[in-house]
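*Asks:* Handing you a structure now.
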Amino acid sequence: MTRILEDILTITARRAGLTGLAAIGVMALLAACAPAPSTGGSSTAAASNFLPCMVSDSGGFDDKSFNQLGYEGLTSAASELKVKFLKAQSKTETDFAPNITSMVNQNCNLVVTVGFLLADATKAAAAANPNTNFAIIDDSSITAKNVKPIIFDTAQAAFLAGYASASYSKTSIVGTFGGMQIPTVTIFMDGFADGVKYFNTKKGKNVKVVGWNVDTQNGSFTGGFAANQTAKNTAQGLIDQNADVILPVGGPIYQSAAQAIRDSGKPIVMLGVDADVYASDPSVKDLLLTSVMKGMKPGVHDVVKAAASGTFSNAPYVGTLKNGGVALAPFHDYASKVDPGLQGELDTIKAGIIDGSIKVTSPSSPK
Amino acid sequence: MSTLANPMPDAGPIVLEKAELKSWKAPIALGIFALIALILFVGFGRDGSSTFRFAESTDVVQLPSLTLPTRATGIVIAILLVLLTLVGAALAQTRRTVQIWFVAIFALLFMVGLLTWASAGHTVPFTGLLIGAVSLSVPLIFGAMGGVISERVGVVNVAIEGQLLAGAFVSAMVGSMTRSPWAGIVAAMVAGVLVAFVLAAFSIKYFVDQVIVGVVLNVLVSGLTSFLYSQLLTAHPAELNAPPRFSPVDIPVLSEIPIIGPVLFRQTVIVYLMYIAVAAVYFGLFHTRWGLRLRSVGEHPQAADTVGINVTGTRFWNVSLAGAIVGAGGAYFTLGSVGSFSQDMTAGAGFIALAAVIFGRWDPIRATLAALLFGFATNLQNVLGIIGSPVPSEFLLMLPYLVTIFAVAGLVGVVRGPAASGKPYIKS
């Protein structure tokens, strides 16, 4: 028996090269294409059979932004409910459908898909699995009994940010750039530009926005959500146009913008998006005027808890300034450097947007 | 062959052969661009004036900005382009080749026209455009140098992407742990060599198809770095993913030259290393014994073996050297540019570098120029997006790839690589 084993081992050793390669190939393909769903949550016994699940977009759950916030909403809800949960991270767009299918096959009751880009895959999965509930963040294109859209009227908060930036700018030029030209990105840029415009009409000033044109819906994009040299060059391009407030919209690309600002050595500030970046990434806090916050964490949290208590509905959850789903973060370190009257003006505008006397519209706003 | 006797004594003169030399490819390509120029600059001509800024605020010599009337400039340039096309057609008609400098002048004019047209009412920071182009090209050039060496010695290196990514990852980690960017760049080179070892072992020792090994290596490095990134780097960002960056070093005197100074001589150490690498690879390949042996192994391994060159050894160590060069390029992503690693941050730069190798006809200088062209097209897209050109953003994002395809297909045509590249050498 041992002899035979030894023989086999010798032959195997000779073939190690090829076999090794094959093994590497198989492992790599497995790792890249269909990550096995990983179980998270508390190790305590599940309080109920409710199983919430989540599928990320290509940013991954540790993007310090969009996916991470949704994921934190899921974890906090799961720990309150004392239930387990599953998550699957997508690496590329081709992972979306297989990941959703694998979640459904794990008997998930609620599958939360993070992001507009997963809309098609979610729609198909919802039609194929009418007994599973779905919730999709940032998309309202699906009308199905078992799909709840979680959407945000981010333009409202970005409007406030645009007003504040215009007020802060010394060069009277503010800039913005995005990751990809998709509605959830351009809605920030629309609100921002409209906020600047509102400032100009109110104060009789002429602050210019570079990087985005609301009328033609055209502007500067890096073509992806990676913090790379392209994103840094785009930020540098805005600095070359003399902008001194920059709004980078899209996951981690603000890190590239921060490096461009530091390299320029000029007193330039930037704005965070999605989370209050001052708290989520302290390494750039000295550059942050404020952040445009999108309440993904409370949104997901509420939807998961509602679904667990059996009150799932397909009525969309819309985050607005009114329900606190979107908001402008505090100025933190810049509180003493902005115009003293600014906070009061922002509060007035916020009230105006809530009662409808100031209309903030964007082609990308939730309908 | 001219040395052979002519078998047909009454064969006619060589008129027929000459007729085949008439090439219409260049004039047709020029004509298409002249037509685009006519449509855009004249048909959709824009009013206002376009300003080109040549000086940075920190320059000693302040060049004045150039302001051009948009519509008039566009019309003049479109007419010039049409005239150049006619000259090109005349050259083709009289069976003379359209020289590369002719195409270069045409491209430059077209570019000036396009920038003028797109920037009506705005300012183009010309120096900033070039600075960005160079910084985007740096990893491509390192990758292309590695590709040139590797292919010249006879091993197709599809794993450039993986080597860049491994270099970026390791340099971020080691740089953060040692607080030294120098340690980071050395570690990046080691990482590049390790990936190259795998490629070399499988393709040279085990005769596995080189393209397949390369592709698998790319996927492997991508999966491995993503895994380690999410397990280690995101958990300890301050200790493992915050390397100190190289700060720009101004070269005295040279950095004060207008335009060229800020673009080429106010860079980080990695960029200066790149200049050295390009010069060294060029000189080494074509003017040293090492280069001659390397090329002979890539062209005709049997012949090289016959005269006593160790084919396997030469291939193995030069592929490893190529890995070290590409690894250093990977360090640029973290230590030279952004300052932290993120998943798949190379974003296909390795494949563009591979295209630059072929576009550059396996020549280090031409490959460098090809990489610079790609960097320029990418940054042009950035600048046009910011100044609010009338071209849709989605189209602009395609621009670098369009330029690459056009350049490879239209300008290069049929090229001959090293004869034994991609073929394992089995000693009989």
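The values are calculated or read from the model by the stated rules, or taken from the named source; none is laboratory data. Nothing here was measured: the structure is a model prediction, and the numbers come from that model. Don't worry about glycine lacking a Cβ; one is built from the backbone with ideal geometry, like all the others, and counts go over all protein chains shown.
*Asks:* Taking region A:278-301 as the search range and keeping residues that are away from every other protein chain (no Cβ under 14 Å) and in contact with a Ser or Thr (Cβ under 8 Å, 6 or more places away or on another chain), which one is farthest from A:Ala329 (Cα to Cα)?
*Replies:* Selected residue: A:His301.
*Asks:* Return only the number of the condition from (1) surrounded by 18 or more Cβ atoms within 10 Å (Cβ to Cβ); (2) at pLDDT below 85; (3) within 29 Å of B:Ser255 (Cβ to Cβ); (4) not β-branched (Val, Ile, Thr) that B:Leu115 does not satisfy.
*Replies:* Single failed check for B:Leu115: (2).
*Asks:* List the number of the failed condition for A:Thr230; all other conditions in (1) under 22 Å from the mean Cα position of the chain (by Cα); (2) of a type in the set (Ser, Thr, Tyr); (3) under 22 Å from A:Tyr168 (Cβ atoms) hold.
*Replies:* Checking A:Thr230 against (1) under 22 Å from the mean Cα position of the chain (by Cα); (2) of a type in the set (Ser, Thr, Tyr); (3) under 22 Å from A:Tyr168 (Cβ atoms), the one that fails is (3).
*Asks:* In region A:70-94, which residues are surrounded by fewer than 24 Cβ atoms within 10 Å (Cβ to Cβ) and within 13 Å of the chain's Cα centre (by Cα)?
*Replies:* A:Glu72
*Asks:* Which of the residues that make up region B:304-338 are polar (S, T, N, Q), more than 19 Å from the chain's Cα centre (by Cα) and part of a helix (DSSP H, G or I)?
*Replies:* Hits for region B:304-338 are B:Thr306, B:Thr312, B:Thr314, B:Asn318, B:Ser320, B:Thr334.
*Asks:* Among the candidates A:Leu110, A:Leu117, single out the residue that is surrounded by fewer than 24 Cβ atoms within 10 Å (Cβ to Cβ) and touching a Ser or Thr at 6+ places or on another chain (Cβ under 8 Å).
*Replies:* Exactly one residue qualifies, and that residue is A:Leu117.
*Asks:* For B:Phe227, state whether it is within 11 Å of chain A (Cβ to nearest Cβ) and farther than 30 Å from B:Arg152 by Cα.
*Replies:* Yes: the conditions hold for B:Phe227.
Yes/no per residue for (1) among the acidic types (Asp, Glu); (2) more than 30 Å from B:Gly175 (Cα to Cα); (3) out of contact with any Lys or Arg (no Cβ under 9 Å at 6 or more places or on another chain); (4) away from chain A (no Cβ under 14 Å):
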{"residue": "B:Val297", "(1), (2), (3), (4)": "no, yes, no, yes"}
{"residue": "B:Thr306", "(1), (2), (3), (4)": "no, yes, yes, yes"}
{"residue": "B:Val311", "(1), (2), (3), (4)": "no, yes, no, yes"}
{"residue": "B:Ile325", "(1), (2), (3), (4)": "no, no, yes, yes"}
{"residue": "B:Asp363", "(1), (2), (3), (4)": "yes, yes, yes, yes"}
{"residue": "B:Ala367", "(1), (2), (3), (4)": "no, no, no, yes"}
{"residue": "B:Leu373", "(1), (2), (3), (4)": "no, yes, yes, yes"}
{"residue": "B:Leu399", "(1), (2), (3), (4)": "no, yes, yes, no"}
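*Asks:* Taking the condition of a type in the set (Lys, Arg), closer than 29 Å to B:Ser135 by Cβ, in contact (Cβ under 8 Å) with a residue 24 or more places away in the chain and in the same structural domain as A:Ser169 (by TED's automatic domain parsing), does A:Lys232 pass?
*Replies:* It is true that A:Lys232 is of a type in the set (Lys, Arg), closer than 29 Å to B:Ser135 by Cβ, in contact (Cβ under 8 Å) with a residue 24 or more places away in the chain and in the same structural domain as A:Ser169 (by TED's automatic domain parsing).
*Asks:* On the basis of being surrounded by fewer than 24 Cβ atoms within 10 Å (Cβ to Cβ) and either more than 29 Å from A:Ala235 (Cβ to Cβ) or within 14 Å of another protein chain (Cβ to nearest Cβ) (or both), does B:Tyr275 make the cut?
*Replies:* no
*Asks:* Kindly indicate which of A:Lys148, A:Lys91, A:Lys87 is outside any strand (DSSP E or B), in contact (Cβ under 8 Å) with a residue 12 or more places away in the chain, not assigned by TED's automatic domain parsing to the domain that holds A:Thr348 and not small (Gly, Ala, Ser).
*Replies:* Checking each option against the conditions leaves just A:Lys91.
*Asks:* When you look at B:Ala201, is it more than 12 Å from chain A (Cβ to nearest Cβ) and in a helix (DSSP H, G or I), yes or no?
*Replies:* no
*Asks:* If you don't mind, there's one more thing I want to ask. In region A:257-281, what residues are surrounded by fewer than 24 Cβ atoms within 10 Å (Cβ to Cβ), within 20 Å of A:Ala158 (Cβ to Cβ) and of a type in the set (Asp, Glu)?
*Replies:* A:Asp276, A:Asp281, listed by residue number.
*Asks:* Kindly evaluate B:Gly350 against the criterion of being in contact (Cβ under 8 Å) with a residue 24 or more places away in the chain and either over 15 Å from B:Ala133 (Cα atoms) or not assigned by TED's automatic domain parsing to the domain that holds B:Tyr282 (or both).
*Replies:* Yes; evaluated as a whole, the condition is true for this residue.
*Asks:* While we're here: Output yes when any residue across region B:210-221 is over 22 Å from B:Phe333 (Cα atoms), touching a residue at least 24 places away in the same chain (Cβ under 8 Å) and outside any helix (DSSP H, G or I), and no when none is.
*Replies:* The answer is no, given that none of the residues of region B:210-221 is over 22 Å from B:Phe333 (Cα atoms), touching a residue at least 24 places away in the same chain (Cβ under 8 Å) and outside any helix (DSSP H, G or I).
*Asks:* Out of the residues in region B:233-243 that are under 33 Å from the mean Cα position of the chain (by Cα) and part of a helix (DSSP H, G or I), state the one that is farthest from the other protein chains (Cβ to nearest Cβ).
*Replies:* Out of the qualifying residues, it is B:Leu240.
*Asks:* What number of residues within region B:125-174 are surrounded by fewer than 24 Cβ atoms within 10 Å (Cβ to Cβ) and under 30 Å from A:Ile173 (Cβ atoms)?
*Replies:* 9
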